[in-house]
Each structure stands twice: as C-alpha cells, then as structure tokens.
1. Determine whether residue A:166 is within 11 Å of chain B (Cβ to nearest Cβ), of a type in the set (Val, Ile, Thr), touching a residue at least 60 places away in the same chain (Cβ under 8 Å) and crowded, with 22+ Cβ neighbours inside 10 Å.
2. Of everything in the range A:440-451, what is in a helix (DSSP H, G or I) and within 11 Å of another protein chain (Cβ to nearest Cβ)? Give them in sequence order.
3. Going by what's in this entry, would residue A:454 be described as outside the structural domain of residue A:107 (by TED's automatic domain parsing), touching a Gly at 6+ places or on another chain (Cβ under 9 Å) and in a loop (DSSP other than H, G, I, E, B)?
4. Which residue is farthest from residue A:310 (Cα to Cα), if the candidates are limited to the range B:106-125 and must be assigned to a helix (DSSP H, G or I) and touching a residue at least 24 places away in the same chain (Cβ under 8 Å)?
5. In the range B:56-80, which residues are in contact (Cβ under 8 Å) with a residue 12 or more places away in the chain, surrounded by 13 or more Cβ atoms within 10 Å (Cβ to Cβ) and more than 17 Å from residue A:185 (Cα to Cα)?
6. Can you confirm whether residue B:85 is aromatic (Phe, Trp, Tyr) and within 9 Å of chain A (Cβ to nearest Cβ)?
7. Could you grab me the full set of residues in the range B:22-54 that are touching a residue at least 24 places away in the same chain (Cβ under 8 Å), facing another protein chain (nearest Cβ under 8 Å) and not β-branched (Val, Ile, Thr)?
8. Among the candidates A:210, A:147, single out the residue that is within 12 Å of chain B (Cβ to nearest Cβ), of a type in the set (Asp, Glu) and in contact (Cβ under 8 Å) with a residue 24 or more places away in the chain.
Amino acid sequence: MAATDVDLSAALMLTPVPAADWLVVLPVALPLLAGAVLTMLRKSVRLQAAFAIPVLALLVLLDGLLLFRVLENGPVTMVMGRWLPPFGIAFTADLAGTLFALAASVVALAGAVHALADIGDGGRRYGFYPFLLLLVAGVTGAFLTGDIFNLYVWFEVLLISSFGLIVLGSEARQIDGAIKYAFLNLVATTLFLIATGYLYGLFGTLNMADIAVKAAERRADLPTMTLAALYLLAFAMKAAAFPVHFWLPASYHTPRVTVSALFAGLLTKVGVYALLRTLVMLFPVEREELSFVIALVGAATMLTGALGALGQSDIRRLLGYTVISGIGVMLAGLALGSPGGIGGAIFYALHSMVVMTALYMAAGLAGRLAGTFDLNRLGGLHARSALFSGLALVLFFAVSGLPPFSGFWPKVMVTKAALDIGAWWLAGAILLSGFLTTIAFARVFLLAFWRPAGQDLPAAAMPAASLVPLAVLTGLAVLFGLFPQALLATVQAAAQGLADPAAYIRSVFPGVT
Amino acid sequence: MELLFVLLVGVFFSAAFYLMLSKALVRMLIGTVLFGNAVNLLIFASGRVLREVPPIIPPGRDVPATLTANPLPQALILTAIVISFSFFAFLLVLVYRAYQDLGTDVANEMRVAEPENEPAPPAGY
C-alpha cells in the first residue's frame with residue numbers, strides 16, 4: 001500500500017457513521033442474523049419460537065424508533081462500506097418506507113405468535129421460523145433500501161423465503177399451488193431485472209436519489225417511458241393486479257393458514273410499495289402519461305377481485321380474491337397521483353396489511369372450530385363463540401370499507417381524489433367493488449356465523465395463541481378507524497415525500513442543494 | 001459488437017418465451033433458465049462491449065486512457081447468476097416433486113389446488 005497520497009475524500013466518507021444512523025440497517029440486519037442463527041438451531045424445536053418472537057418484538061421497537069426519527073428529522077441515509085453515494089449501496093429510510101416497514105414488523109410478530117397454535121413441531125423442524133425471519137428481512141430491506149439493484153436482491157430474498165414457507169407441509173395441493181406461485185413470481189422479478197438492466201445502461205447509476213435527479217435532467221432524450229412501463233408490468237405482477245394476478249388465487253389458499261396470513265399481509269404490498277417508489281418518485285412524468293392505463297387496470301383489478309370473491313365457496317379462496325380487490329384501490333390511488341390519491345394508496349396498503357392478515361387468521365380459526373372451510377358446510381360459529389364472531393364482524397366491516405373501521409378512510413381519500421379530477425367512473429368502481437365486497441362478507445357472516453350448525457361442531461379448543469394476535473390486529477383496525485387523524489397526516493406527509501423527493505435527495509447527497 | 005449481442009439477446013428472449021408458453025413443466029423450466037441468461041446478457045451489453053481493454057487507470061491520471069467497458073454490470077450479473085441458479089435448483093426439485101405427487105408434468109392437469117366444477121356457494125340461507 002504505497003500509494004497513500006490518494007485523496008480518499010472524493011470516494012469515501014472519512015468520518016465514522018453516527019451511532020444513530022445504524023438504526024437504518026438494524027431492522028434488516030437483526031432478522032437476517034436471527035434467521036441465520038435459527039437455521040443453525042433447526043434441530044432444537046423448542047428454541048425456535050422462544051427465540052423468534054422476542055426478535056420480532058425487538059424489530060417492531062426498532063422500526064418504531066426509526067419512524068420517530070424520520071418523523072422528526074426527515075429521511076435518514078446510511079451507505080454501506082462508507083462509500084460516498086452513488087458509489088456504495090445506500091439505505092435510505094423515508095416516511096413511506098418506514099411506515100410500510102413498521103406495519104410489516106407488526107404483521108410478522110402477529111404471525112409468529114399465531115404460528116404457536118398453527119405450526120406444529122414438524123413445521124418448526126422444517127424451518128418455519130428461520131424462513132419467517134428471512135422473509136421479514138427481505139421485506140424490510142425492500143422498504144428501506146435506496147438502491148434499485150439492491151431492491152431486486154431483497155425481492156429475491158423474500159421470494160426464496162416465501163418458496164420455503166409455501167411448501168411447508170408438502171401436501172399435493174401445496175406443491176400444485178407452489179408451482180404456479182414460483183414460476184409466475186420468478187418471471188415477474190426477472191422482468192424487474194430487465195428494467196433495471198436498461199436503467200443502468202441509460203443512467204449509469206443505481207442509486208434511487210441519483211436516478212431521480214438524472215431522470216429529471218435527461219428525461220427528454222432518454223426512453224424513460226419504456227422503463228416506467230416495464231416497472232409497471234413487473235411490479236403489477238408482484239402486486240397481483242389484473243390481468244397478471246392469476247398466481248395469487250391459485251396459491252394463497254394452499255399453505256398453512258399462518259403462512260397465507262403472512263403472505264396476504266406482506267408480499268403483494270411490497271409490489272405496491274415498489275410501484276409507488278419507482279413511478280411516483282423516479283418517473284413522475286411517465287406515471288402521469290400512464291395514469292389512464294393504471295386507472296383502468298386498478299378498476300379492473302378491484303372489480304375482478306370483488307366478483308371473484310362472490311363466486312367462491314372456500315373462505316380462504318374468497319380472501320385471496322379480496323386481497324386482489326384491495327390492490328385495485330391502491331392502484332387507483334397511484335393512478336390519481338394527487339397527495340390524496342398517493343396518501344390514500346399508502347393508508348390502504350397499511351390497512352390491508354393488518355386486516356388481510358387478521359382475516360386469514362379468522363378463517364383459520366373458523367376452519368379449526370367448524371372442521372371445514374366450505375361455505376356450504378360452515379355454520380354455528382356465533383353460537384360457538386360470540387367473541388370470535390364479534391371480532392370477525394369488525395374485520396368484515398373493515399375490509400368492506402365501512403365506517404367506523406380502518407378501511408373507510410383510505411377509500412374516502414381515494415374516492416374524493418377521483419371525484420376532484422372528475423374521474424367519476426373510477427370513484428364508481430371503488431364504491432361498486434366495496435358494495436360487492438360487503439355482499440360477499442355479509443354472506444360469509446350469515447352462513448358461517450349465524451346459520452345454525454348442520455352437524456355437531458368438532459370439540460376443538462380456541463387457542464389463545466391464535467385469538468390474541470387476531471384480537472390485537474382487529475384492535476388496530478378499530479383504533480385507526482376511530483382515531484385516523486394522526487395516521488392521515490402521516491400518510492399525506494409520506495405521499496408528499498414521494499412526490500417531491502427533495503428531502504430524500506438531500507439526505508443521500510448532503511452537499512448538493 | 002453490441003449489435004451482435006442485441007441479436008443474441010433477442011434470440012434468447014424469443015426461445016425463452018416460446019418455451020415458457022408450453023404446458024409441459026420441463027420446457028417451462030428450460031424456458032426460465034434461458035430467460036435468466038437472456039437478462040444477464042442484456043445487462044452485460046448495457047455496460048458496453050469492448051475487447052481487450054482492461055478498465056485500469058494508469059498512474060498519474062484520473063480517468064482511463066482509452067474507452068473501456070464498465071465493469072459494474074459484470075458484478076450485477078454475478079449476483080443475478082447466483083440468484084437465478086439457486087431458483088433453478090429449487091424449481092427443479094419442486095417440478096420433480098410435483099411429477100411424483102401429482103402424477104403429471106402438464107400444467108393444465110394440475111387441478112388439485114383449484115378443482116374444476118367446484119360447488120358454488122349457497123344462494124340462500
């Protein structure tokens with residue numbers, strides 16, 4: 001090392017990273033490390049849950065702290081290896097990403113507790129908890145990274161962990177679902193990689209803040225529209241938007257209920273987040289051009305989802321279609337592009353993460369109590385447990401978008417944003433899909449809960465480990481339905497931060513004004 | 001040189017799409033492998049293809065003396081190769097297991113998770 005006279009300050013950060021900035025990577029590093037430790041401890045079945053649940057509780061705490069810090073100081077950036085951006089991989093936590101990460105950690109914690117009752121020793125020995133922690137690491141990494149190729153890597157991390165989870169149990173129907181899930185999701189992430197390859201060829205950078213700056217300067221003479229369209233297709237496929245949604249209803253009802261609940265809460269929302277990040281922050285002009293297409297796709301997605309839900313007799317498949325219907329509302333918000341639209345999309349995504357997870361847990365409990373998931377045979381659940389019936393009714397109201405629960409406010413925001421620009425047909429589609437969803441869930445309540453049981457219910461106990469997370473998630477839906485002000489203000493600030501990334505860019509490049 | 005690569009990538013993509021549209025899982029599997037390799041070649045071309053010029057900066061200069069290819073895409077491809085290889089390994093095992101358990105390797109005949117003629121939900125109370 002003779003050439004020490006090289007000026008390193010042009011490429012490296014010479015001051016050590018402030019201790020508080022480590023908070024940006026901790027939510028990713030913690031589950032990744034814990035997942036590795038649990039993989040090594042795979043044989044000690046007793047230790048798995050005892051280790052994973054405290055780790056996920058700590059993760060919720062870390063994400064909460066990060067959210068407070070971002071709320072106070074604006075976006076926080078940390079670069080790997082102290083390389084100055086855009087050379088190193090940057091992790092940038094802004095309000096939108098941190099909100100998604102916090103909701104994901106809450107959902108993951110609820111899933112880890114629910115697994116105590118649902119995943120037996122066999123599933124734990126197979127590696128449920130390591131896969132869960134690695135899935136959470138992938139999801140959180142996707143929400144917090146500030147580098148588009150790194151986003152691809154986190155997508156693959158969460159995808160390979162979800163492959164492990166979906167075949168947990170190795171039944172024939174799981175293998176069948178997994179085949180469709182695996183092939184179609186692999187194609188979607190490869191499309192994402194194609195777009196990223198083109199993007200690097202055009203801009204010569206992968207740092208998102210850098211791309212946002214360069215896209216604004218050089219939009220006129222580069223084919224950025226192609227990039228935006230490719231990202232739209234790739235992430236719409238990940239988010240299960242019409243007409244590339246077929247992998248979801250083919251697979252989401254096949255794994256264990258806890259796994260379905262985690263997938264419904266975490267996976268499609270990563271696609272929505274990536275759509276918001278690329279189309280709103282990096283390619284806003286192109287999003288404006290594509291807005292009619294996105295709005296049509298959104299309307300078709302929510303209507304196919306709601307109509308599909310009406311036609312199912314298996315309640316888990318019904319929920320799969322409901323996930324799709326919710327994605328349509330988020331796409332409608334993305335298409336509108338106004339602060340109300342984007343804010344509504346973010347709010348709806350957070351609501352959907354919590355409520356869809358809780359609904360799958362409720363479906364699991366219904367299946368356990370009645371011994372079937374078939375609407376033709378379900379019955380007598382209200383007589384069996386009034387508490388469970390009440391929780392389910394709250395969730396049914398929340399998912400249909402009825403007040404006073406959490407699904408109501410984002411739908412109001414998106415519908416109002418649609419009416420503000422005169423897109424009455426989009427507002428009508430949102431209301432119609434809400435109406436159809438209400439019918440679907442009213443029928444579930446009528447048949448599964450109110451109808452007297454056809455035969456004697458099996459004497460299954462109602463384990464606390466599945467009732468507690470269900471009740472906590474339902475409590476969140478009630479809380480944010482009754483007191484939405486704080487969250488409404490926060491999602492609007494998050495939408496503002498995406499639409500005008502000046503603060504984001506300043507956090508990555510502190511010297512540049 | 002880039003033109004040659006572009007044509008090659010096009011051939012790879014068309015072969016990959018043709019195979020992935022097949023109903024037989026083994027063909028779909030080969031299609032996804034070709035698809036991944038097509039993307040790798042595409043990223044390689046995006047770093048520009050130049051022969052025999054290492055991207056090394058001679059002493060006393062801040063930029064390379066001649067035009068060189070960008071080495072970063074090769075690092076990206078390395079990541080992508082590792083990922084697509086592990087996915088291929090998983091899919092291979094999954095498809096073989098599906099063939100054993102479901103007794104078919106034709107996508108249309110895999111109806112265990114979504115049975116045909118499923119009963120409709122009850123129309124009345």
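The values are calculated or read from the model by the stated rules, or taken from the named source; none is laboratory data. Every value quoted in this text rests on a predicted model; they were computed, and no experiment measured them. Cβ coordinates were reconstructed from backbone atoms using ideal geometry, including for glycine residues, and neighbour counts include every protein chain displayed.
1. In short, yes.
2. Our first condition is that a residue be in a helix (DSSP H, G or I); within the range A:440-451, this holds for A:440-450.
The answer is A:440, A:443, A:444, A:446, A:447, A:448, A:450.
3. yes
4. The first filter runs over the range B:106-125 and keeps only residues assigned to a helix (DSSP H, G or I), leaving B:107-109.
Checking which are touching a residue at least 24 places away in the same chain (Cβ under 8 Å) leaves us with B:107-108.
Details: B:107: 26, B:108: 25 Å.
Checking each candidate, the answer is B:107.
5. Scanning the range B:56-80 gives B:68, B:69, B:70, B:72, B:73, B:74, B:76, B:77.
6. Details: aromatic (Phe, Trp, Tyr): yes; within 9 Å of chain A (Cβ to nearest Cβ): no.
Here the answer is no, as residue B:85 does not meet what is asked.
7. Kept after step one, since they are touching a residue at least 24 places away in the same chain (Cβ under 8 Å), are these residues of the range B:22-54: B:23-26, B:28-29, B:32-33, B:36-51.
If we keep only those that are facing another protein chain (nearest Cβ under 8 Å) too, we end up with B:25, B:28, B:32, B:36, B:39, B:42-43, B:45-47.
If the condition is that a residue be touching a residue at least 24 places away in the same chain (Cβ under 8 Å), facing another protein chain (nearest Cβ under 8 Å) and not β-branched (Val, Ile, Thr), then B:25, B:28, B:36, B:42, B:45, B:46, B:47 are the ones that fit.
8. Working: A:210 fails: within 12 Å of chain B (Cβ to nearest Cβ).
Matching residue, one of A:210, A:147: A:147.
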